[in-house]
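The values are calculated or read from the model by the stated rules, or taken from the named source; none is laboratory data. This is a predicted model, so every value here is computed, not measured. Cβ atoms come from the backbone with ideal geometry, glycine included; neighbour counts cover every protein chain shown. For the accessible areas, the whole protein counts, side chains as well, though only heavy atoms, and no ligand, DNA or RNA atoms are used. Shrake-Rupley method; radii C 1.70, N 1.55, O 1.52, S 1.80 Å.
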Amino acid sequence: MNMDALRKALLPIRSRLATVLLRAAGHLVDASGPIQRVQVEAYKGEVRDRVEHVEGYGRTAVPPDGWEGILGALGANRDHTVCLAAVHRASRPQGAAKGDNVIYDVRGNLIWLKGDKLYIKAVNALVAEAPTCTITSTTTHIGDATINGALTVNGPIHSTGNITSDADIADATGSMGDMRDVHNIHDHYVPTAPGTSNASNQQM
């Protein structure tokens, strides 16, 4: 078999291999089912609907408008195309160091495993739900925070704002409610010398 005949014989195989992996423009996303399905455009005008988007266990994400995908044709069969990755260049954080890991979204919220720290940025609000929350730290710095429920902190707390509570606040000696009761009913011993008094008979 001469080279021209060999090239002609291999042409269908080469054509199929050339489409095993493709870059695509992403359009619609359906995240309502057990597997995410997307609409993609691999070639100009060639739109594929309800393509399976393969996501790893433990995480799921709905890409925003303007996303791109990498398509794979299983068994080199373009009738069985899946989306292997979805990326959105505009929202991807930049400047991560080697070994960092970042979870992010298009709004600017992110969780960044960054060197020796865990950095969390919430654009609007940070909400944590748990029966109990325990923080073990040398020092805990709190700015403006709303805590619904019990919070246990093992270590000092440094607050840069006011601390308010709809419930009672207590320490090892007693609650603020107990101290308020003592203050409201306490009395003083009045000595015979006019204009002076001793300390309170009750100690908060």
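How much area per residue is accessible in the stretch 140-182 when the probe is 1.4 Å and only protein heavy atoms are counted (Å²)?
Each residue of the stretch 140-182 exposes 80 Å² on average to a 1.4 Å probe.
³J(HN,Hα) across the stretch 101-111 via Karplus (A = 6.51, B = -1.76, C = 1.60, θ = phi - 60°), whole Hz, x for Gly/Pro?
Whole-Hz 3J(HN,Hα) from phi for the stretch 101-111: 9, 10, 10, 8, 9, 6, 7, x, 5, 7, 10.
Under a 5 Å amide H to amide H cut-off, with H placed in plane at 1.01 Å, what residues pair with VAL153 once short-range neighbours are removed?
The list, which skips near neighbours in sequence, is ILE135.
To the nearest µm²/s, what D does Stokes-Einstein give for the stretch 49-184 at 4 °C and 1.567 mPa s, using the Kirkwood radius over alpha carbon pairs as Rh?
In µm²/s, the coefficient is 65.
Restricting attention to the stretch 76-169, which trypsin sites (Lys or Arg not before Pro) occupy a DSSP loop and are surrounded by at most 13 other Cβ atoms within 10 Å?
Passing both the DSSP loop test and the Cβ count: LYS98, ARG107.
For ASN124, what charge total do you get from the other residues with a beta carbon under 14 Å from its beta carbon, if Lys and Arg give +1 and Asp and Glu give -1?
Cβ neighbours under 14 Å give a net charge of 0.
Which residues' amide hydrogens lie under 5 Å from the amide hydrogen of LYS114, considering only partners 5 or more residues apart or on another chain, with H built in the peptide plane?
Those lying under 5 Å, H to H, from LYS114 are TYR119.
On the full set of protein chains, 1.4 Å probe, figure out the accessible area of ILE142 and give it in Å² to the nearest 10.
It works out to around 40 Å².
Mind listing the long-range amide H neighbours of TRP67? Cut-off is under 5 Å, sequence gap 5 or more, other chains count too, H placed in the peptide plane at 1.01 Å from N.
Placed amide hydrogens put GLY26 under 5 Å from TRP67.
Given charges of +1 on the Cβ of Lys and Arg and -1 on the Cβ of Asp and Glu, with all other atoms neutral, how large is the dipole of the stretch 29-140 about its Cα centre, in debye to the nearest 20?
360 debye
Over the stretch 74-132, calculate the relative contact order: mean separation of alpha carbon pairs under 8 Å at least 6 apart, over the residue count, as a percent.
Answer for the stretch 74-132 is 19 percent.
Where the accessible area of the stretch 80-186 is counted over protein heavy atoms with a 1.4 Å probe, how much of it, in %, is carbon and sulfur?
Of the solvent-accessible surface of the stretch 80-186, carbon and sulfur hold 52 percent.
Could you derive backbone 3J(HN,Hα) for the stretch 53-59 from the dihedral phi with the Karplus parameters 6.51, -1.76 and 1.60 (θ = phi - 60°), listing whole Hz in sequence and x where the residue is Gly or Pro?
Calculated HN-Hα couplings, in order: 9, 7, 10, x, 5, x, 8 Hz.
How large is ³J(HN,Hα) for each residue in the stretch 150-157, as worked out from phi by the Karplus curve 6.51 cos²θ - 1.76 cosθ + 1.60 (θ = phi - 60°), to whole Hz, x for Gly and Pro?
Listing the rounded values in order: 8, 10, 10, 10, 9, x, x, 10 Hz.
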